[in-house]
Structure formats: structure tokens, C-alpha cells
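The values are calculated or read from the model by the stated rules, or taken from the named source; none is laboratory data. None of these values were measured; they are calculated from a predicted model. Reconstructed Cβ throughout: ideal geometry from the backbone, glycine too, with neighbour counts over all protein chains shown. Accessible surface areas use protein heavy atoms only, side chains included; no ligands, DNA or RNA. Shrake-Rupley method; radii C 1.70, N 1.55, O 1.52, S 1.80 Å.
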Amino acid sequence: MANTSARMLRLLSLLQTHRYWPGPELAGRLEVSDRTLRRDVDRLRELGYPVDASRGVAGGYQLQAGAAVPPLLLDDDEAVAIAVGLRTAAAGAVAGFEETSVRALAKVIQLLPPRLRRRIDALRVATAPGVLGGGPTLDPDALTTIALACRGEERLRFEYTARESETTARHVEPHRLVSLGRRWYLVAWDLDRGDWRSFRVDRLNEPALTGARFRPRELPGGDPVAWLRSRMAAIPTRHEVALLLEAPVSRVEAVVGHWGTVEPLEDGRCRLRMSVDDLGWPVMVLGVVGAPFVVESPLLLRERVRATGELLLSSLD
């Protein structure tokens, strides 16, 4: 028989993967007596894991959601972050991890108290997936507040800093949170301007629920991701990028997606054109494609690539 600690971990794992365990079957899996099983269950309860027990011939054990997060060394925000991350991976954002993520997500959700399940459900309902990741770090409380406003159809107030660094007070009817490119955006009806607007969440400060409900308006086109992409395409950009790459079109398109135009050339080469406001994006594309290239324009991009390369090389010393 395994030592007590190892046996309890095995017991907890079994309880997390089966909705209801008959007592004799669970004891058999652990190779212990019914009395030892009851003691181990009591130890789990002392640690904060809410295990329900039923007596009788058909008696058994079941792990229930508790009034607090069990002692997993996670606070509320960390538990929500794990659940949201697992949901993203389960949706196919990380190839090869979908099934594993679903199983892990089921275990995490099973143990979360109702207040955290509500936060996670709000993020699930109110977000629309885009592409890529790795954007600015966001306040999880702010992101969750926005998601709750979207889900609950509740008006939202916040301070917003636009590209020109001008901060204004905004009062909106939130529609959806959209993850696009490397950033999160809020798509909302701006009450003061009487029109649809998009807001970068990393530029949004102290969002607050107002308690005022609203009847949702119909977003033009209906698709928040497509609407946001069309709006972004109309925004004047700072840099027109042209790159000559010694790589096939399919290889480059797989990396750049809809964020650039790839033209086939002779000898298997191609030309990539992009309109960007941050030269870090084409530098990242070049690194991921991993093929010889020539920067045709702008000249500033050549300097950015050189500086990035020197930084990476110096870090190896």
C-alpha cells in the first residue's frame, strides 16, 4: 500500500475525474479498507476539499464545489487566469493540447466556488477569439469587470487614453471583448458620441459598473471580430513595410495571416507588404518565418532589425 501522502493524492485525483464513486470501487482502486478510505476522506476535508459521502449499500463519495478555492496555492485571480487559459487552449489556440486542456479545465471548474465560476463564465460569453497573443499586460480585475458588463448588459464608465495621449471620461454600452492581434479590445456603443467605438483595454482605466441596464443594439455586420478588423484597416498607419523573403508564399502567409499581403516572386521568393504602427510586429514575423530577407522599406525597420539582432546576440555572451 502506498504511503499516506501518495495515497491521498491518488484519492484526490480519482475524485476529480469521476462524478460519483461507490465506496467499494474507490477503496478497491486505492487498495485500502473501507475504514482507511473514510480516514483519508476526512483528511481531505480538513484540508478544505469538500467531499460529500452517502451511506448504505449504494453509498459512495463525490467531490463538490466549495465556498472557497481549495488549498491549491492559488488566489482568486490566479484560479480565474488558469481556467481562462485552459479554455483558450481547449479551443485549439495551442495545437495538440486541446483534449488535455479540456480534462484539466473540468477538474479546475469542478472545485471553484460559484463567484469564480460566474467570472469565468462572463469571460467566456463576452469574448470573441482572434489570433496570436502576447500583448500588453492587463489588470485581471479590469478585464473581468468589462466582461461582466458585457454579459450582464450593464452600462460601463471608465477613463480612456487615446493614441494622442488625451484622457477622457467614457460612458458606454459594452458589446464584446475581442482578442485580436496581440491586444484586447472592447467593442461598445459610445453614449456620448452616439456611435460604435473600439477601445484598447490596456489604455482603459478603472472601469466601473453603473448598475444601469440597457437593451443591446445590433452591431453592423454582427461579427465583432470582422467589425474591429475593418475599423483598424481604416486607421492611418505610421509605417508601410515591404520585405523580400527567400521563402514560399504559404510559409509566410501561415505566420502573417490577414495582417499582410504576400506576393509570389521568381525562384520561390516572395514580397511581404504590411501597414503597421509598431515595427516590432514585422520584426517578430521575420523571426518566426526564419528565412533570409531584405528590408526594402522603411529604412527605420532596418535599424530596428539590427538593434534587435545585436540585443539577442549580446544576451548569449
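Conditions (1) touching a Cys at 6+ places or on another chain (Cβ under 9 Å); (2) open to solvent by less than 40 Å² (accessible area, probe 1.4 Å); (3) modelled with pLDDT under 80, marked per residue:
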{"site": "Arg29", "(1), (2), (3)": "no, no, no"}
{"site": "Asp40", "(1), (2), (3)": "no, yes, no"}
{"site": "Leu44", "(1), (2), (3)": "no, yes, no"}
{"site": "Asp52", "(1), (2), (3)": "no, no, no"}
{"site": "Gln64", "(1), (2), (3)": "no, no, yes"}
{"site": "Val69", "(1), (2), (3)": "no, yes, yes"}
{"site": "Leu74", "(1), (2), (3)": "no, no, yes"}
{"site": "Arg87", "(1), (2), (3)": "no, no, yes"}
{"site": "Ala95", "(1), (2), (3)": "no, no, yes"}
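Once segment 171-184 is narrowed to residues that are open to solvent by 20 Å² or more (accessible area, probe 1.4 Å) and at pLDDT below 95, the residue that is farthest from Pro216 (Cα to Cα) is Arg182.
This table checks each residue for (1) in contact with a helix residue (DSSP H, G or I) (Cβ under 6 Å, 6 or more places away or on another chain); (2) of a type in the set (S, T, N, Q).
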{"site": "Trp227", "(1), (2)": "no, no"}
{"site": "His239", "(1), (2)": "no, no"}
{"site": "Val256", "(1), (2)": "yes, no"}
{"site": "Glu263", "(1), (2)": "no, no"}
{"site": "Val285", "(1), (2)": "yes, no"}
{"site": "Pro292", "(1), (2)": "no, no"}
{"site": "Ala307", "(1), (2)": "no, no"}
{"site": "Ser314", "(1), (2)": "no, yes"}
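Screening the candidates Arg304, Arg215, Arg251 for the property of being touching a residue at least 60 places away in the same chain (Cβ under 8 Å) and either assigned to a helix (DSSP H, G or I) or loosely packed, with under 11 Cβ neighbours inside 10 Å (or both) yields one hit, Arg215.
Evaluate the following for Arg213: is it farther than 20 Å from Glu153 by Cα and either of a type in the set (S, T, N, Q) or touching a helix residue (DSSP H, G or I) at 6+ places or on another chain (Cβ under 8 Å) (or both)?
So Arg213 fails the test.
Return a yes/no flag: does segment 209-224 have any residue that is aromatic (Phe, Trp, Tyr) and more than 16 Å from Ala162 (Cα to Cα). Yes, there is a match, as at least one residue in segment 209-224 is aromatic (Phe, Trp, Tyr) and more than 16 Å from Ala162 (Cα to Cα).
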